[in-house]
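Shown next, in structure tokens, is the structure this report addresses.
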């Protein structure tokens, strides 16, 4: 991924001057560039041509940042300095004159400090050299507390807090972070339908980018109505996005300023305005499709492909939810994108960027996106991130921000020590008709308990033993309360909520299904939840792919892949049969026609390209190919293929170091891994064989085999799903 | 002041389009513009041509802000909208298309919301109209928490916190806050001394602004060395400020980009470079000299004039300390500027701006300017601000910021509940050789006690009864500790500090003199402090005008005006006799020649124009004219004239509503006030008389008289100082 992206970047940064020996990358205060870039993105949303910004607090980068590193050189070295902002350079505590673009560092041990002020964009530094260059080993602070007293003596700065610099892949002096843009490539219409004074252009599938008019001329109005559906593009009075343009041109090619999501474009023009043709610049994040999946069922293959495309469309500067209407970064949606990403792009910088933007800075004045559950998903995602990537840095750098966010949550518990929506808190859970959000909701306590477990883990990694003990105690206490308060032996399930101390009669799927894959239930409780809730049609059905994600994950975790395969074909296949080219925010098979496009009391309010719609990517990788890490960064992992009714499947799961590839049919498993130590697990009717490997029998028809890095295994067996 | 300043502003904002009926002023999130403007100023410091930024955290404005107000109109009204940033407008919850520059508000009751995003400069809004216009009654938030649920229903926003908008005097649509500049006026050289390839230009007195070359031509280098003294301008290797210019010009007039403080400019040019003449643009804050003072002693008059000029030079976008080298905003220095300002300009917006910048935003990560005592001065200044101006708004708007700063302080107390420097804390107190800052310093506890008293007062005003009680208790406890720990009956004074539980033998002036005007001492203790400390030459002398301010205030508070008059003539008169045209950062009569200019181990490190040097302005107004408020905003006040050895004096003290003017000689007091209810107090050998007023005898030769607003009083007496 990194290589691909770099090549792409060279396009806009005018490369060529950098010597092959020169190293260096742009660095900044960690999290600050992410917050800045996120503000840029979150403020690009429009609603029918009008700016539509978020309703939560946006944070800012530190406007004054000091960067430093110590070097020990065998010989003097001349280095190049580039800075975004006003700056000074110090060597060994002595200020250099002016703001030098080059400096010579003499042989020996030297400390270089660069201090930068920039209000509009994040202070950022590039130092290029053979040995002296910027990377994430530089230390940064927003407050160096270095003063001199009357006698000229420098203060004790031992209390100054330094973090490691943030960086991405701006590896050339001209690749200024503030100038970053996603890649674009031209796309052309798949069909056009002429109208009086206009036309409706179909780009063949959901897409994202900038409409381009070729040979635009004349004077007058030109209106562009966008539609994810044709109905929407034609509904000039209610379509969600549009551009009203005043044209005065003489045959130029014009690219519109704002990017939009659409499949159809409906052009209406004054008679005096004309153009030769219309195309678009498709805008995308250059990521590699490292994860792959193919199987005997073409509909499932199509679901995987459309899921992957949906993920790619929503993987932008950050993981977006919906690309048409919404275009804000939401923690609940993003936490699913992270998981899908681990089975598709494995683009860790996108996960980190999104988590940093969502967290923002202290003081915490509301839940993430104002939503209680979204705060908890943020914590839980850190656990996942560490498990999949093995990257401790996020925790080592940002544990204090985790702590202050958790303190905010703990400070909002009620007198029973439970979370309950206070004014200004959005208890979201799911888009579902009549969902009760009052009082103590079992689902929220469950998420907090899991968040506290994450905090305990991270406290240990950070070296905060006292914190770890406290969070462990708090999560244990809360889990106890959860079962005492909400588990109903009569219902064989968690009830939904308790209001003013009185448990309601209501059972919903949320807490019940999460408890399964959180592994909070005994096998008996799991079975009970499955029958009384998951497979019980009387319990309110889930209609968003968002919660379908977790529902199907719970079923998979209990080994119900055949059932889930059918559900995928029904639900996602249902969208495909309606012509979907990307997956939707919500899908209700009972609806028909253009009713499918309505939401939020608006005829085209629904997003037809929504990240949470892509969950089959995750389910197929984790529960069918069955690949998942068991220790951080795939140092160890399991491969538990489950065909779930498929005749065969093959696929690739990306890891931090290479791939795990797998083929599986009822009689054969072929597996190869570039990383870690794996355990292949499967059930076979007969005794399986594999040349050059030892297969262990671990139970009734259950087998295990160790997978070593770099070796290829070909197992013959008679698989039982 | 406001009128004067507005006229000045019109110069740069291109007036003329606004109808006489149109009202409106630019508004922003309170404190945000101040922080932004302060960052601009704090980052203009240079050291020998190199950028030199602060070492403490700089905060930022909220980049996304919602402004709203409800109006009730008798008839429809068209209004003008100007915004700094990307914005949307809503009326009654419904979004208007695009970003309108005008809108019509129908008759009846309507709520207007304007939401603005701006990263580079603070989101700011101007709405101009007859009845619908922006002012500080608009409400603002950085987080409206207004979302819609699936059904299109708007969230409960009752928990959204709204503050009143911030504003200043940008009362025209074109007066964009981000474009604000101080005024300039040309000034010309008082003398010139030619040199080979250059000249030394003397502008006659300390000044501030931009050097201008007339008819600059040729190609080559032109170096400008600035000096507050001639010695400094000539010392090209050690002068504090300079500009290295590369000229390539053909006779243009060129104004240098950076403003500098200087009296002398030393030009060195390449032979190929020439110019016709040199002048400068003097840059200043257009404030009115409302306070006045004249007396029988010409040296004191000169001290007052130079003090006023020093105050004017340092009253810029914010109250600066030193205008040459430093150019940062410091809380300790500013707290004295506020007090002097009350007797000179009475420019409350400058006080508020400076206090808001200094406080910055949460989270608190260090003391103000990293200095423990400077945090406390900030609290104490709020008390003074309220007393002098009667303006409760600062407290009502910013009490939460006061609280969080106080929590930061309280969280840093040691096991004895006292302040003690932790790593990263600068215990400043004063520039004084060998001053001990270790352990528990009595002075810091005294300042914290006073700060807690201020908190108690403000908590009451804010309506935080619980907080008020707590702060009252804490200040009481700390005062008890202060006396128990540091008061020495043997020394008849507070000792300086206690280290590891052991009181030192050291007596300094700091805690002792503050305790007097804080009124913490019994009359016996006061007398003891006066004799054992203030008038005791064995106790280390104070050499900064900074602490002289408080030392002389303590003496004045005890009625020692004759002594203080002599001190003023010695100390400030001493600087004048050395040719000072503004007052210095530090003055040691024992030094001679250019030694006076050295500080911080640098030959010209000392500032020759330092705000804290202007204290006679305050002393003469408050303790000689004797005018001071006794309830907020001069609702009541006292006039206690003390000639202190002068034959006569006359002066004017500004108040929020008009002036108090006074003439006083041993036989006569004439007084007139535009405001409140005053009490004139004096001692007279004989029974005083005043036509049309009743004079009350309140003690042995002590008299009091009530001063009514608008009346003029002429009292005959035989005054005793």
Estimated FRET transfer efficiency when R0 is 60 angstrom, pair residue A:588-residue B:415 (beta carbons, to 0.05): 0.40
Residue B:40 and residue B:392 label points (each 7 Å along its Cα→Cβ direction) are spaced in nm at 3.4
Can you give the Rg to Rh ratio of the stretch A:2-179, both from alpha-carbon atoms, with Rh computed by the Kirkwood formula? 1.02
Rounded to 0.05, the calculated FRET efficiency for the beta carbons of residue B:527 and residue B:131 at R₀ = 41 Å is 0.10
Length-normalised contact order for the stretch A:151-286 - Cα pairs under 8 Å, 6+ apart - percent: 34
Roughly how many nanometres apart are two label points built 7 Å out from the Cα toward the Cβ at residue B:600 and residue B:109? 5.9
Based on the alpha carbon coordinates of the stretch B:292-622, what radius of gyration and maximum Cα-Cα distance (Dmax) apply, in Å? 19.2, 58
Taking 0.36 nm per residue of separation between residue A:537 and residue A:72 and subtracting their Cα-Cα distance, the length gained on full extension comes to 160.5 nm
Hull volume per residue for the stretch A:348-494, using the convex hull of the C-alpha atoms, in Å³ is 128
Quick one: grab the alpha carbon gyration tensor of chain B, order the square roots of its eigenvalues as a ≥ b ≥ c, and give me rounded if a/c is under 1.5, else prolate or oblate depending on whether a/b is larger than b/c. rounded
Restricting to Cα pairs under 8 Å and 6 or more apart, the percent relative contact order of chain B works out to 11
homo-copy label distances at residue A:75 (7 angstrom along Cα-Cβ), nm, one dp, ascending, are 8.7
Got the residue A:693 label distances to the other copies yet, label 7 Å along Cα→Cβ, in nm, shortest first? 10.5
Shape call for the stretch B:328-401 from the C-alpha gyration tensor, a ≥ b ≥ c root eigenvalues: rounded (a/c under 1.5), prolate (a/b greater than b/c) or oblate? oblate
Which FRET efficiency value, to the nearest 0.05, is calculated for residue A:687 and residue A:183 with the Förster distance at 51 angstrom and r the Cβ-Cβ distance? 0.45
Distance between Cα centroids, the stretch B:401-432 to the stretch A:702-721: provide it in whole Å. 64
Ranked by Cβ crowding within 10 angstrom, fewest neighbours first, how are A:473, A:176 ordered? A:473, A:176
Once you average over the residues of A:40-53, how many Cβ atoms of partner chains fall within 10 Å of each Cβ? 4
Which order do peptides A:475-487, A:551-563 fall in by mean Cβ count within 10 Å, highest first? A:551-563, A:475-487
When only alpha-carbon atoms count, how far does the protein assembly as shown stretch along each of its three principal axes, as whole angstroms with the largest first? 120, 81, 74
Peptide B:136-148: average number of partner chain Cβ atoms within 10 Å per residue? 4
How well do other chains shield peptide B:150-157, expressed as the mean number of their Cβ atoms within 10 Å of each residue Cβ? 5
Kindly put A:535, A:242 in sequence by how many other C-beta atoms sit within 10 Å of each C-beta, fewest to most. A:535, A:242
Helix-only CD estimate at 222 nm, as mean residue ellipticity for chain B, using -39500 (n - 2.57) per DSSP H run (n ≥ 4): -8500 deg cm²/dmol
Mean separation of Cα contacts under 8 Å, 6 or more apart, over the residue count of the stretch A:632-716: relative contact order %: 29
Would you please state which residues of the stretch B:202-235 a label at residue B:270 would reach in this model, taking the label point 7 Å out along Cα→Cβ and a backbone N cut-off of under 16 Å? B:216-224
Let me make sure I get this right: for the stretch A:183-284, a, b and c are the square roots of the gyration tensor eigenvalues over alpha carbons, sorted descending. Under 1.5 in a/c it's rounded, otherwise prolate if a/b > b/c, else oblate. Which is it? oblate
By the mean-Cβ-within-10 Å protection proxy, highest first, A:615-623, B:431-439, A:353-361, B:302-310 rank as A:615-623, A:353-361, B:302-310, B:431-439
What is the fewest-to-most order of B:690, A:295, A:609 by other Cβ atoms lying within 10 Å of their Cβ? B:690, A:295, A:609
Reciprocal of mean inverse Cα separation for the stretch A:632-716 (Kirkwood radius, Å): 13.0
Sort A:123-135, A:95-107, A:400-412, B:130-142 for me by packing, meaning the mean count of neighbouring Cβ atoms within 10 Å per residue, highest on top. A:123-135, B:130-142, A:400-412, A:95-107
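Throughout, read-outs are computed from the coordinates displayed, never taken from laboratory work. Worth saying up front: this structure is predicted, and the values here are computed from it rather than measured. Note that we place each Cβ from the backbone using ideal geometry, even for glycine, and neighbour counts take in every protein chain shown.
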